[in-house]
Amino acid sequence: MNYNTEMIKQAAEQIAEMFKTAVITQQQSSGSMPTIAQVEADLREALRQIGNQALGLFLSSMQTTPEEEITCSCGGILHYQRMREATVISVFGKTTYKRAYYAGCTCKEGKAPIDEQFGLEPGAVTAGLAMLLALAGIGFSYDTSPKWLQAYLLFDISENTVRSETEQMGALQEKREEGLIQQSQDEGYLQQRLRHPGQIAPRLYGSIDAAKVRTEPRAKKGKEKEDHEDWRDMKVLCWFETETVPPSQRSKCQQKKADREQTALRAKNKQYFCDITEANEFGKLLWATGCTVNADLCPDLVFLGDGATWIWNLVTKYYPHAKQIVDWYHAEEHLEVVATAAFSDLIQRKTWLEETTQALWDGQVEDVIAACKALSQTCLQASQAVTYFTNNKERMRYDRFRAAGYMIGSGTIESGCKQIVTQRLKLPGAQWIVVGAVHTAKARSAWLSGHWQNLCALRSALPLAI
Ligand SMILES: [Zn+2]
């Protein structure tokens, strides 16, 4: 929108004059000058009130002379009743405006065309405010959000309003994902995509993990609710690309990697998706979101994981051509467990661990398996490690992976789980209704992935709350 800057200047001059008068009056009566913080606070409040009145006046001014009759959405006829006042909660607080109201259709529905035109629902939050409330809701717990919002917005918002607007954003993200899933199962779309695939990354990574969320107990068959809590897995998936970290920007850990002749890489263009659902259902989301980044068409697709079977099963099913890599740190940890269990002598323990870790680093998984096998008669952890390393042998050719410049740590997805689940869903005392947890996490994932504007556009397009 273009404004007349001259008019804004004039309005500002008037407000400055108003403030000056108020300050002089205060100075005369109390003998003290207000601090800049006081002036800022007062000016913000004045501007909020001005914005509030201006928005109300603007909406009222958009009402043209009402027609006698208009068509009802049912196809019947609505008759003009009167100019009626309505209130919405905007970014400026409770905003009141007047518009023509129609009723008298046989279907008993009434409507105000101005409300429809601007997507307003009397008594409800506007799209502009909804965006800010949801932003608070994905960042802070619902019970503390109102405090933050009061400081920023200068008026009170209830915890329930923050919750419902945040969850609605998540519901919109869920709808987007359902749309993608439907599309990704449509033959016509898939063939069209093969003809015009758009950008294909030369190398793309996928990663999947899960984190626990405390939820309200599920009703169990033939049982009253006995448990006080339940833990459900929030599955999280991330698509990303990597770039080399320039030496000057390396963290200590990245410098250590560089010293070990491993390229210091960091993730970019990260896109997170999540859900509390069975692996099979999650697979559909994996495939659908993969279509948006052309994962299936990428010549060098890499999956990084911690070794959980359900993850590799999904990867093999949907992306059989993908390279599979077990996260280096998880693999290394297995050796530490064996060393601790098998050797009480610290020097023996250290020697064994150094040798096997070096072998693993060099991709000599057979040597690692042999070393564990030698201990497996007397050590349960060692015999478990034999199974683990045997099953994941081909996913641990770290010498080749390093030579090809692949990332071998799954820190990206772990940090995703932390940001989406731990930092928001695992706050002290939090216990979730499953759908609330899912919608909050989906809204947060959309924000972290740079999809927030898409959600805001969908929210603005909503004529009424869903
Ligand atoms: Zn009607």
Worksheet entry | Partners for Lys20 among lysines (Cα-Cα distance below 27 Å; same-chain residues under 8 apart left out) | Lys9
Practice prompt. Can you bin segment 336-403 into rounded, prolate or oblate? Criterion: square roots of the alpha carbon gyration tensor eigenvalues sorted a ≥ b ≥ c, rounded for a/c under 1.5, prolate for a/b above b/c, oblate for the rest.
Written response: oblate
Worksheet item: In whole Å, how far is the Cα centre of segment 430-459 from that of segment 1-74?
Response: 34 Å
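Let's test the formula: R0 of 22 Å, r as the Cβ-Cβ distance of Ser141 and Trp231. What FRET efficiency results, to the nearest 0.05?
Numbers: r = 19 Å, r/R0 = 0.86.
Efficiency, from the Cβ-Cβ distance: 0.70.
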Worksheet item: According to a simple spin-label model (label point 7 Å from Cα along Cα-to-Cβ), what is the distance in nm between Lys20 and Glu40?
Response: 2.3 nm
Response to the item:
The farthest towards the positive end of the charge dipole of the chain, of the residues Val162, Ala331, Phe273, given +1 on Cβ of Lys and Arg and -1 on Cβ of Asp and Glu, is Ala331
Fill in: Footprinting exposure proxy for Met169, Met234, Met7 (fewest neighbouring C-beta atoms within 10 Å first)
Met7, Met234, Met169
Item to complete: Under 14 Å from the Cβ of Arg459, count the other residues' Cβ atoms, weight Lys and Arg +1, Asp and Glu -1, and hand me the total.
Response: -1
Worksheet item: Around Asn160, what is the net charge, scoring Lys/Arg as +1 and Asp/Glu as -1 over all other residues with Cβ under 11 Å from its Cβ?
Response: -3
Worksheet entry | Estimated inter-spin distance, Asn391 and Glu178, nm [label 7 Å along Cα→Cβ] | 3.5 nm
Worksheet item: Net charge near Arg84, counting Lys/Arg +1 and Asp/Glu -1 over other residues with Cβ under 13 Å of its Cβ?
Response: +2
Worksheet item: What percent does the relative contact order of the chain come to when contacts are Cα pairs within less than 8 Å and at least six residues apart?
Response: 16 percent
Worksheet item: Which value at 222 nm does the chain reach when only helices count, each DSSP H run of 4 or more adding -39,500 (n - 2.57), with the total divided by all residues and rounded to the nearest 500 deg cm²/dmol?
Response: -16000 deg cm²/dmol
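Using a Förster distance of 25 angstrom, determine the FRET efficiency expected from the C-beta separation of Gln49 and Ala124, and round it to 0.05.
Step by step, r from the Cβ atoms, then E = 0.75.
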Item to complete: Calculate the length of the line joining the C-alpha centroid of segment 157-176 to that of segment 327-372, in whole Å.
Response: 48 Å
Practice prompt. Just subtract the alpha-carbon distance of Gln150 and Glu366 from 0.36 nm times their residue separation and send over the number in nm, one decimal.
Written response: 71.6 nm
Worksheet entry | Percentage relative contact order, segment 1-160, counting C-alpha pairs under 8 Å, at least six apart | 15 percent
Discussion item. On a full-extension model of 0.36 nm per residue, what is the gain between Asp186 and Tyr329, subtracting their alpha-carbon distance, rounded to one decimal in nm?
Written reply: 47.6 nm
Discussion item. Take Gln249 and Asn160, extend 7 Å from each Cα along the Cα→Cβ direction, and tell me the distance between the two endpoints in nm.
Written reply: 4.7 nm
Worksheet entry | Sequence-separation-based contact order of segment 269-352, relative, with Cα cut under 8 Å and 6+ spacing, percent | 22 percent
Practice prompt. Please identify the cysteines of the chain that lack any partner cysteine with a Cβ under 4.7 Å from their own Cβ.
Written response: Cys238, Cys253, Cys274, Cys291, Cys298, Cys372, Cys379, Cys417, Cys456
Worksheet item: Listed here are the pairs Lys350/Lys393; Lys256/Lys442; Lys393/Lys418; Lys175/Lys235; Lys252/Lys350; which of them are more than 26 Å apart at the Cα?
Response: Lys256/Lys442; Lys393/Lys418
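Each value in this text was obtained by applying a stated rule to the coordinates, not by laboratory testing. The shown structure was predicted, so the numbers you read here are calculated from the model rather than taken from an experiment. Backbone-built Cβ (ideal geometry, glycine too); neighbour counts: all protein chains shown.
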